[in-house]
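To start, the structure itself, in structure tokens.
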Amino acid sequence: MDDRPRNGKLSDRTKAALIQWSLVLVFSGLAVLFIVNPWRQSHLLYPIPLVDKSFLDPAPNRRSYADFVRTKDEDALSDFDCYACHENGKPPTLRYDAQQHLIIPREHSDIVMGHGEQGRNNNCFNCHDENNLTLLQTRDGRFLKFQDSPQLCGSCHGPTYEDWEAGVHGRMSGYWDHSLGPYTRLPCVNCHNPHSPRFQGRKPAPGPHLLHEPASAPVVAATH
Amino acid sequence: MPLPDASLHPDETPAAAGMSRRSFLRTSAVLTTGLAALASSLRPLLELDDYTTVQRFMQKYYKEMTPADMAKVLKRIEDEVQKQYGIRPHVRDLKPMDGVQFVYCLNLTRCIGCRKCVHACVAENNQSRNPEIQYIRVLRMPHGSLDLDKADHDYAPPTVPEKGYFYMPVQCQQCKNPPCVKVCPVHATWQETDGITVIDYDWCIGCRYCEAACPYWARRFNFTKPEIPKDRLNPEMAYLGNRPRRQGVMEKCHFCIQRSRAGRMPACHDVCPAGARKFGNVLDPNSEVSYILRNKRVFIQLKEELGTSPRFFYYFDV
């Protein structure tokens, strides 16, 4: 065939062919581009670690004597078997150092005394009954079982006890509509350690993360 | 009709429309690649399913749906969640209870700023983990004033509470006079009779007017497709509550509608280690919240000068 035009110009037929083939090229290029999609921004986000599940746990801070009884925790309950070591009918003697701090015997070394301002509530028998160590005694002369300890706390902390009874101090859980399900009011000792009741500090859960990775620390300029 | 000059183009057989075999191939190549380019340019339509489905598009307005319509919708949502997460959820449409108005009370004396409420809320309500969406922001402020300008929500000390600071968690205040509801152009958010302001995620158009109107910065927008790990999905869901949202819709705290309307306390309430949060029915004179409003120093509704009348009360002990 002879598409070469005699006067040095492309013939219409060749022009059409060229245009068509370039269109094919453009179209296939476009198709590839659309499929590969290099504009897609899929890595805008940086990884955020999932929060530790301990922060999601609604369990109370401490376990109370009632919890030990309910779960039949023999190991923990053995700590409440006072007369396994103490002699029946003989009140234990308390010893104090020169600063009037209670000397805690080795057998009770897990106890940290810190009740009251400057640890002034430092007599075991302010709360425990010296004649029957399995009981607690209030200042107004009532004897209580360990399960009833909130009444003991209430004998000194009246307003707080009132709030607790109304369900306003402390942790309640379960159903706000008591007709639909159970509602539990935790006793004082589920949050407060009776020997050192101040609420302990704790590690906070992580704060909010930014949408984009925070810029790394600015480079310190060299000092010359 | 004169035949084409065969001597000029000996390799091309004459075609009916004057088209040679070669030019026919060329034309079809142009057409095929053109169509391919067109088709691939429409590829994003394949992902339209994430945005809307015919069923969702044809869905009626929440308040106009009959129970039969709602049952169909709930089944569709369960199917969608199962397809995406491989877990069959239990989606309910819980209605407000008669004689109930919810109120939240938060004791600023007790809050220790541990942020457990923030994360319990995320876990309960299936918020996106990346980017993070959180309904509760815990503000740390120095003792002695309540100046939101001095508030910091990025605090990260080794332990809380810190000396000289108090903490104030802020979430949707469930206003009695909610500005967010007034600005919604499509009525996708409204206040229910129990006081909870809800959002229909299928009706929301994502204009974010409500986010701009909220003085408490309580509304969150899904800028990207929410990401929830399968093992952290909470399958107990409600239509107006914690069912998974999609990209382009607003969300916010709804007092854990899936729990509160079933009689339970919200997740943030149950997880609080300090017992700082109290929730209940204010119309019941024996409820804890009624006791607090009667007996405690309930000193603020946050930004009460705006007249939004929140159902969220901050108070102090003593």
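The values are calculated or read from the model by the stated rules, or taken from the named source; none is laboratory data. Being a predicted model, the structure only gives us computed values, none of them experimental. Glycine also receives a Cβ, built like all others from the backbone with ideal geometry; neighbour counts cover every protein chain displayed.
So which residues in region B:54-88 are polar (S, T, N, Q) and part of a helix (DSSP H, G or I)? Give the steps one after another, and end with the answer.
Narrowing region B:54-88 to residues polar (S, T, N, Q): B:55, B:59, B:66, B:82, B:84.
If the condition is that a residue be polar (S, T, N, Q) and part of a helix (DSSP H, G or I), then B:GLN55, B:GLN82, B:GLN84 are the ones that fit.
Look at A:GLN137 and say whether it is surrounded by 19 or more Cβ atoms within 10 Å (Cβ to Cβ), farther than 26 Å from A:LYS53 by Cα and either acidic (Asp, Glu) or more than 8 Å from chain B (Cβ to nearest Cβ) (or both). Explain how you work it out, then say what you get.
Values: surrounded by 19 or more Cβ atoms within 10 Å (Cβ to Cβ): yes; farther than 26 Å from A:LYS53 by Cα: yes; either acidic (Asp, Glu) or more than 8 Å from chain B (Cβ to nearest Cβ) (or both): yes.
Spelling it out, A:GLN137 is indeed surrounded by 19 or more Cβ atoms within 10 Å (Cβ to Cβ), farther than 26 Å from A:LYS53 by Cα and either acidic (Asp, Glu) or more than 8 Å from chain B (Cβ to nearest Cβ) (or both).
For region A:38-76, give me the residue count where each residue is touching a residue at least 40 places away in the same chain (Cβ under 8 Å) and not in a loop (DSSP other than H, G, I, E, B).
Number of matching residues: 5.
Just one of B:ASN126, B:ASN130 is within 18 Å of the chain's Cα centre (by Cα), facing chain A (nearest Cβ under 9 Å) and over 26 Å from A:CYS191 (Cβ atoms); which is it? Outline the logic, then answer.
Details: B:ASN126 fails: facing chain A (nearest Cβ under 9 Å).
Every option except B:ASN130 fails the conditions.
Which condition number in (1) at the interface with chain A (Cβ under 9 Å from one of its Cβ atoms); (2) within 25 Å of B:ASP317 (Cβ to Cβ) is the one that B:THR224 fails?
(2)
Scan region B:253-284 residue by residue and report those that are over 19 Å from B:ALA123 (Cα atoms), among the hydrophobic types (A, V, I, L, M, F, W, C) and without any contact (Cβ under 8 Å) to a residue 40 or more places away in the chain.
None; the set is empty.
Taking region B:217-239, which residues are assigned to a loop (DSSP other than H, G, I, E, B), touching a Leu at 6+ places or on another chain (Cβ under 9 Å) and surrounded by fewer than 22 Cβ atoms within 10 Å (Cβ to Cβ)? Let's see the steps before the verdict.
To start, the set of residues in region B:217-239 that are assigned to a loop (DSSP other than H, G, I, E, B) comprises B:217-219, B:222-229, B:233-235, B:239.
From what is left, the residues that are touching a Leu at 6+ places or on another chain (Cβ under 9 Å) are B:223-224, B:227, B:229, B:239.
B:PHE223, B:THR224, B:GLU227, B:PRO229, listed by residue number.
For region B:121-143: of the residues being surrounded by fewer than 21 Cβ atoms within 10 Å (Cβ to Cβ) and without any contact (Cβ under 8 Å) to a residue 60 or more places away in the chain, which is nearest to B:GLN171 (Cα to Cα)?
Among those that are surrounded by fewer than 21 Cβ atoms within 10 Å (Cβ to Cβ) and without any contact (Cβ under 8 Å) to a residue 60 or more places away in the chain, it is B:LEU139.
Quick grid of which residues meet (1) over 22 Å from B:PHE299 (Cβ atoms); (2) of a type outside the set (Gly, Ala, Ser); (3) in a strand (DSSP E or B); (4) out of contact with any Gly (no Cβ under 8 Å at 6 or more places or on another chain):
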residue: B:ARG140; (1), (2), (3), (4): no, yes, yes, no
residue: B:SER145; (1), (2), (3), (4): no, no, no, yes
residue: B:ALA156; (1), (2), (3), (4): yes, no, no, no
residue: B:TYR167; (1), (2), (3), (4): no, yes, yes, no
residue: B:CYS172; (1), (2), (3), (4): no, yes, no, yes
residue: B:LYS176; (1), (2), (3), (4): no, yes, no, no
residue: B:CYS180; (1), (2), (3), (4): yes, yes, no, yes
residue: B:HIS187; (1), (2), (3), (4): yes, yes, no, yes
residue: B:TRP190; (1), (2), (3), (4): yes, yes, yes, yes
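Is it true that A:ASP79 is among the charged types (D, E, K, R), within 55 Å of the chain's Cα centre (by Cα), at pLDDT 85 or above and part of a helix (DSSP H, G or I)?
No.
Considering only region B:237-257, state which residues are on the phi < 0 side of the Ramachandran plot, in contact with a helix residue (DSSP H, G or I) (Cβ under 8 Å, 6 or more places away or on another chain) and within 14 Å of chain A (Cβ to nearest Cβ).
Across region B:237-257, the qualifying residue is only B:GLN247.
Which condition breaks for B:CYS268 when tested against (1) buried (at least 17 other Cβ atoms within 10 Å of the Cβ); (2) within 11 Å of chain A (Cβ to nearest Cβ); (3) more than 28 Å from A:SER54 (Cβ to Cβ); (4) of a type in the set (A, V, I, L, M, F, W, C)?
B:CYS268 satisfies all of (1) buried (at least 17 other Cβ atoms within 10 Å of the Cβ); (2) within 11 Å of chain A (Cβ to nearest Cβ); (3) more than 28 Å from A:SER54 (Cβ to Cβ); (4) of a type in the set (A, V, I, L, M, F, W, C) except (3).
Tally up the residues in region B:42-95 that are closer than 30 Å to A:ALA31 by Cα and of a type in the set (Asp, Glu), please.
3
Do we find that B:CYS253 is buried (at least 20 other Cβ atoms within 10 Å of the Cβ), over 15 Å from B:GLU132 (Cα atoms) and hydrophobic (A, V, I, L, M, F, W, C) in this structure? Step through it out loud before you land on a result.
Working: buried (at least 20 other Cβ atoms within 10 Å of the Cβ): yes; over 15 Å from B:GLU132 (Cα atoms): no; hydrophobic (A, V, I, L, M, F, W, C): yes.
Spelling it out, it is not the case that B:CYS253 is buried (at least 20 other Cβ atoms within 10 Å of the Cβ), over 15 Å from B:GLU132 (Cα atoms) and hydrophobic (A, V, I, L, M, F, W, C).
So B:PRO67 ticks every box in (1) surrounded by 13 or more Cβ atoms within 10 Å (Cβ to Cβ); (2) of a type outside the set (Ser, Thr, Tyr); (3) at pLDDT 90 or above but one. Which box is left unticked?
(1)
Can you name the residue in region A:200-224 that is facing chain B (nearest Cβ under 10 Å) and at pLDDT below 90 and, of all such residues, is farthest from B:ASN130 (Cα to Cα)?
So the first thing to find is which residues in region A:200-224 are facing chain B (nearest Cβ under 10 Å), and the list is A:200-212.
From what is left, the residues that are at pLDDT below 90 are A:200-201, A:209-212.
Numbers: A:GLN200: 32, A:GLY201: 29, A:HIS209: 9, A:LEU210: 10, A:LEU211: 8, A:HIS212: 10 Å.
Ranking the qualifying residues of region A:200-224, first place goes to A:GLN200.
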